[in-house]
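> One structure follows; several queries about it will come next.
The values are calculated or read from the model by the stated rules, or taken from the named source; none is laboratory data. As the structure is a computational prediction, the values presented were derived from the model and not from experiment. All Cβ positions, even for glycine, are placed from backbone atoms using ideal geometry, and neighbour counts span all protein chains on display. Surface areas here come from the heavy atoms of the whole protein model, side chains and all, with no ligands, DNA or RNA. Shrake-Rupley method; radii C 1.70, N 1.55, O 1.52, S 1.80 Å.
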Amino acid sequence: MHDALYNLSATELNRLFVRGQVSAVEIAEAFLARIEAVEPRLHAFLTVTADSAVETARELDAKRAAGEPLGPLAGVPVAVKDNVAVDGVRMTCGSKMLAEYVIPYDATVVRRLKDAGAIIVGKTNMDEFAMGSSGENSAFGTTRNPWDTARVPGGSSSGSAASVAARVVPLAIGSDTGGSIRQPAALTGIVGFKPTYGYVSRYGLAALASSLDQIGPFARDVHDAARLFSIIAGYDPLDSTSADVPAPQPEFPSEPDLKGVRFGMPREYFGEGIDAEVKARLDEAVATLQDLGAEVEECSLPHSKYGLQAYYVILPAEASANLARFDGVRYGHRAKDVADVAEMYVKTRTEGFGHEVKRRIMIGTYVLSSDVYDKYYKKAQQIRTLVARDFDRVFEEFDALITPTSPEVAWPLGERHDDPIRTYAADVCTIPVNLAGLPAVSVPCGFAHGLPVGLQLVGKRFEDSRLLQFAWAYQQVTEFHKVQPPLNTEGGR
Amino acid sequence: MTNGWETVVGLEVHVELATETKVWCGCKNEFGAEPNTNVCPVCLALPGALPVLNERALELIIKAGLALNCQIERVASFHRKNYFYPDLPTGYQITQFDLPLCYDGYVEITKADGTSKRIRIERIHLENDAGKLLHAGDDVAAAHSSLVDFNRAGVPLIEIVTKPDIRSAEEAGLFLNKLRSILKYTGVSDVKMEEGSLRCDINISVRPEGAAEYGTRCELKNVNSVAHMMRAIEYEAARQIDIITAGGVVEQETRSWRNDRGVSVLLRTKEDAEDYRYFPEPDLPPVAVAEELVGKVRASLPELPDAVIERLMGDYGLSRYDASLIATEREYVTWFDEAVELAGAEQAKAVANWQLNELFRIMNERGFGPEQIPVTPNQLAGLLKLIQDGTITGKIAKDVFEKMVDSDLDAATIVKREGLTQVSDEDSLREIARRLVAENPGPVQQWIDGKETVAQWFMGQVMKETRGRANPQVALKLVIEALNEHTAER
Ligand SMILES: [Zn+2]
């Protein structure tokens, strides 16, 4: 029976543990063995916290034996993206800059995971400082897509997505600045959810772009994603951008029913650049939603097409300041053999950061320069306002929006190394959602070219629970999320 | 002094706020702790740590603004000011840019000639302090290594920026002292310059007297006391005047004041000016400053120095200058008020005289701060009573005052113990006067020859014999009587 533990959902694992049908140590050991078996082909983890995972499991077993209350994630293994702080564990952010850095505190979401009884099994691979959408910008090698290990898993939360897709963990934490949860979820055939900006505390998330970053869950079904979301969400006094709202507790009806729910299809998200097969899967998803009683109509978000450009001004600007702390003075990499402080800065940062990070720091530093500030940064903020207003306007009419998560499926490793613009364009459907601070979820909606396709549902601000109910209804009548990737069937145990 | 030149000065004063904790985190704000003990993920800028505004810091800057007659902005919004320096953990300072919390205020200064002048405040904004660098070596360049203490990183600072209204080192000194008083009165800051809780940058230019345009200004950094600031202004004004009179042009520069050498040295020219790439701090969304909060802070303001000055002038007839000296510290005002309360309002001027002359002289000599006033108002009131009823002379009173500094005894006890009671008993004084006249034929002859000051000399001898206890008026009268008797007898 233990061989199959890794196929269970978080909800099922928690139930087994709470009922005493399996011990937490058995769960921890089974999943650690699973990691060991799959990692050579997947490379989803940068650090596996085997010892502390078993230790946590022992404590959980003792608690259960003593009849103490057990949390809603008790006994559930969770992987955490390596830009989210876990006290006493190495945190690299996928960068050489922090290759040996052990962080001395817990992120708020990690604290909440621990309080809920989760077993943290490790830190997952990612594009360096979350800059990228293929995983190839990691300083520690690329995570593979479990559907085809010659292809990218998407990014930047590459390891979190791949590990959930490959049944290495039932749940994982990611971060999403322009699609970094939803896009890899789509490319690996799982559920990835970016909550409303401010719903989940960013305290302990190494900032990429503070006004866009949001932590969110990966799971194989919406029910599990909602469970994880309800634990990590809610007001945190340590994050000034955290909204003063209670943690949501999404509830799901007994039967899927979308009668009277109005979905908008923004035509700008289905235009050129979208793969025909991906488009076909979306059309099928629309039909499924209509079968559930939903009304679907075309709508327009005219400013979204400028979103990409605004994003690639705002993100580098904020990132250039957020990454200034990596200066070699207090922690992380420090260059050797330097004559003075100025040389230490230059050498440390030249050696410690990868190409994409340096490219964005330079762009960000430039767009904030006083002589071009109005032309770039200020203009980008104006576009951002217009993009957000478009959403506000269509949400007067619709309950949620339907778009592809990614206009294409996972591409071959190495294909776009020298083409950052094409890589940036892959996020065209996800970026406007971050600019507007809205919740959006990607759910599997079929296969194109033999690879998973994601359906993105975008909701109203702080109506995350309702959005998850729509996604749940869709999954109740589809089977795509239950299909196992070939890595699993080939790999056995 | 001016030689046809006018000096134009504007100040940027950085003041550490007297909060319990730092401005963006919960670490203690205290001076003198073991290095790097008051630190946390936020003030060390560990990855993922986020700032949260300390409400108390917001209250204190509003308090400063109200005390300095400023308008209060109804939103607190912050920007990042980007630059690399090892004492700045985040690589940017969180500060305010286009919307400072306080603006359009002023400070009234009183000059020694009794005239007053208004120095306008352009803005006051809230930001965080950086850590402290310690160089192993004489200076940065010679140091083979440097250490950083981050206890100060994240301590709340306000920057107070004046308009270029100051015209001399004297005015600048008066302004800074007045500012200090106000900030201390209100509890906004301890304003301990020696602990770096008040630091000052000086913008300074010169122009021919009567000119309408300002000259090119230089900024002097690294000035950390009132005396240094006044010296720096005089030096820099002279430097600029020398350049112009020699036919040169003053370049816009940032210069560093080296007080040990008494010179300013070039730090950077205008061309090298750093671009700080200000942009709105995304980790701190703007927060509304509630009318209620401003009202609450306004209600908590104590009586401020200007009000004290007006009251001491109006109620007791003190001069503006004397009143402003007492008003420099809240402790002085409290002491004055208590002493007047005990001694009676008619003694107010006497209280002020004793406070400004004897008390301040002694405190100055012994290096006492305002919280260490060594004589109680009750002691002074007792002393004044003894003078008033003729028990002791003014001269004796000064000795008694000095003795009170070193004891907790009241004036009457000291006078009694030391036998300092004034001698007004005419019989015994007459006896002394007669004896002195008999014993000093030389001065007596001078008296006969018409030298009237001899009487004063004899009075001095009486005072000496009585160890100052004689009533001087009585002694003089009796000495003249004795001299007249003596000459008449001859
Ligand atoms: Zn701190």
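> Would you mention how many residues in the range A:292-341 are within 13 Å of chain B (Cβ to nearest Cβ) and farther than 22 Å from A:Met97 by Cβ?
Counting residues in the range A:292-341 that are within 13 Å of chain B (Cβ to nearest Cβ) and farther than 22 Å from A:Met97 by Cβ gives 2.
> Please give the number of the condition B:Leu17 fails out of (1) more than 28 Å from A:Asp340 (Cα to Cα); (2) within 14 Å of chain A (Cβ to nearest Cβ); (3) within 16 Å of the ligand (Cβ to nearest atom); (4) open to solvent by less than 10 Å² (accessible area, probe 1.4 Å).
Status for B:Leu17: all satisfied but (2).
> Further, regarding this structure: Quick check: is even one residue across the range B:233-241 within 22 Å of B:His14 (Cβ to Cβ), of a type in the set (A, V, I, L, M, F, W, C) and not in a helix (DSSP H, G or I)?
no
> Can you name every residue in the range B:39-55 that is near the ligand (Cβ under 7 Å from one of its atoms) and either open to solvent by less than 20 Å² (accessible area, probe 1.4 Å) or of a type in the set (Gly, Ala, Ser) (or both)?
B:Cys43
> May I pose another question? Mind listing whichever residues of the range B:153-180 are within 16 Å of the ligand (Cβ to nearest atom) and either in a strand (DSSP E or B) or without any contact (Cβ under 8 Å) to a residue 24 or more places away in the chain (or both)?
Keep residues of the range B:153-180 that are within 16 Å of the ligand (Cβ to nearest atom), which gives B:153-157.
Residues satisfying the conditions are B:Pro156, B:Leu157.
> One residue is enough: does the range A:422-429 have a residue meeting the conditions surrounded by fewer than 17 Cβ atoms within 10 Å (Cβ to Cβ) and within 14 Å of chain B (Cβ to nearest Cβ)?
No, every residue in the range A:422-429 fails to be surrounded by fewer than 17 Cβ atoms within 10 Å (Cβ to Cβ) and within 14 Å of chain B (Cβ to nearest Cβ).
> Now, a different point. For the structure I just gave you, tell me whether B:Lys28 is in the same structural domain as B:Arg207 (by TED's automatic domain parsing) and either away from the ligand (no atom under 13 Å from the Cβ) or modelled with pLDDT under 95 (or both).
no
Quick grid of which residues meet (1) more than 13 Å from every other protein chain (Cβ to nearest Cβ); (2) within 12 Å of the ligand (Cβ to nearest atom):
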| site | (1), (2) |
| --- | --- |
| B:Glu6 | yes, no |
| B:Lys22 | yes, yes |
| B:Asn36 | no, yes |
| B:Asn69 | yes, no |
| B:Val75 | yes, no |
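> Counting only residues that are on the phi > 0 side of the Ramachandran plot and open to solvent by 60 Å² or more (accessible area, probe 1.4 Å), how many does the range B:104-132 have?
Selection size over the range B:104-132: 1.
> Of (1) closer than 28 Å to B:Val42 by Cβ; (2) more than 26 Å from the chain's Cα centre (by Cα); (3) away from every other protein chain (no Cβ under 14 Å), A:Met344 satisfies all except one. Which?
(3)
> In the range B:409-453, how many residues are at pLDDT below 85, among the charged types (D, E, K, R) and more than 25 Å from B:Glu485 (Cα to Cα)?
3
> Do the conditions hold for B:Ile121, that is, is it at pLDDT 95 or above and in contact with a Leu (Cβ under 7 Å, 6 or more places away or on another chain)?
Against the criterion (at pLDDT 95 or above and in contact with a Leu (Cβ under 7 Å, 6 or more places away or on another chain)), B:Ile121 qualifies.
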